[in-house]
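Participant: Starting off with a structure, shown below.
The values are calculated or read from the model by the stated rules, or taken from the named source; none is laboratory data. Because the structure is a prediction, the values reported are computed rather than measured. Virtual Cβ from ideal backbone geometry, glycine too; neighbours counted across all protein chains shown.
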Amino acid sequence: MLNIVEIISEAQQGITRPFLCRCDDDHEYFVKRANAGRKAQIAEWVAASLARKLSLPVPHFDLAEVPGQLLELRSRVERREWGSGPVFASRVVDNAVEIRFTDLSAVPLRQQAEVLLFDSWIGNGDRTLSERGGNPNLLWSDREQQLSMIDHNLAFESSVSEVRADHVFATASSAWDVVFTTTWPQRLVAAASTVTDIWGRLPDIWVEESAGLITLEGIQERLRLFNDHRDAAWNT
């Protein structure tokens, strides 16, 4: 677990109002505090852990503690928003910006298909972008030509059809060919088999304060949708 050594500023974007902090590994992180909601923190942790298991491009993440002496310097309202216990910390990606509509064609079609599949699998409907704008929750590095997936606080909420209706990579399902739909079910099953362990690493306070809002059993049921390439979920 990381320790926060500096609270730098509130992020300029994000409905959950993350804070930019420096941790004891000398890297900067965006942290999701208690004010985001315990359900959101759990969704972030579980989704990012599953993405990591699948070798998808998520920034390094960890749990982080904020020392009491740092919070003592903040306002009473802000201290309440930090709450008790660890926070979810996602490392800042250097030389990356929120992806623009004009960047989308630079993302390889197979990677687009993988992101679409992952979001469909975890029920994340919060990755939209068109010529009219949107909320892609993707970062793009022109220098590295590299994609990063961020902000999974709304995972495990949307149906497959809801995810695919407005997804930034909705058309990439054309790449769900025979090879793709033969190999990926096995990978999803293998990743899903680790979710009990992923859940077991959650802070107790997150689980206690989210009772009835998100459960291990509910997540496991969701992840079984894509167990077989013949399942209707692939063709929704």
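Participant: Among the residues of the range 121-133, is any in a strand (DSSP E or B), at pLDDT 95 or above and touching a helix residue (DSSP H, G or I) at 6+ places or on another chain (Cβ under 9 Å)?
Facilitator: Within the range 121-133 (the criterion being in a strand (DSSP E or B), at pLDDT 95 or above and touching a helix residue (DSSP H, G or I) at 6+ places or on another chain (Cβ under 9 Å)), the answer is yes, since at least one residue qualifies.
Participant: Determine which member of the set 126, 151, 119 is of a type outside the set (Ser, Thr, Tyr), touching a Gly at 6+ places or on another chain (Cβ under 9 Å) and within 15 Å of residue 170 (Cα to Cα).
Facilitator: 119
Participant: In the range 187-217, which residues are in a helix (DSSP H, G or I), among the hydrophobic types (A, V, I, L, M, F, W, C) and touching a residue at least 24 places away in the same chain (Cβ under 8 Å)?
Facilitator: Step one: list which residues in the range 187-217 are in a helix (DSSP H, G or I), which gives 187-192, 195-200, 204-209, 216-217.
In the following step, the residues that additionally are among the hydrophobic types (A, V, I, L, M, F, W, C) were identified as 188-192, 195, 198-199, 205-207, 216.
Correct list: 188, 189, 190, 191, 192, 195, 198, 199, 205, 206, 207.
Participant: Answer yes if at least one residue in the range 160-183 is hydroxyl-bearing (Ser, Thr, Tyr) and under 18 Å from the mean Cα position of the chain (by Cα), and no otherwise.
Facilitator: no
Participant: Given (1) over 17 Å from the mean Cα position of the chain (by Cα); (2) at pLDDT 95 or above; (3) crowded, with 18+ Cβ neighbours inside 10 Å, identify the lone condition not met by residue 147.
Facilitator: Every listed condition holds for residue 147 apart from (1).
Participant: Return the pairs, sorted by first residue and then second, in which the second residue is surrounded by 12 or more Cβ atoms within 10 Å (Cβ to Cβ) and in a strand (DSSP E or B), the first residue lies in the range 121-133 and is among the hydroxyl-bearing types (Ser, Thr, Tyr), the beta carbons are less than 7 Å apart, and the residues are 6+ apart or on different chains.
Facilitator: Final answer for the pair search is 128/134; 128/135.
Participant: Within the range 1-115, considering only helices (runs of 4 or more DSSP H) that don't extend past its boundaries, which have at least 3 residues that are outside the structural domain of residue 131 (by TED's automatic domain parsing) and crowded, with 17+ Cβ neighbours inside 10 Å?
Facilitator: Once the helices (runs of 4 or more DSSP H) in the range 1-115 are filtered for at least 3 residues that are outside the structural domain of residue 131 (by TED's automatic domain parsing) and crowded, with 17+ Cβ neighbours inside 10 Å, what remains is 38-53.
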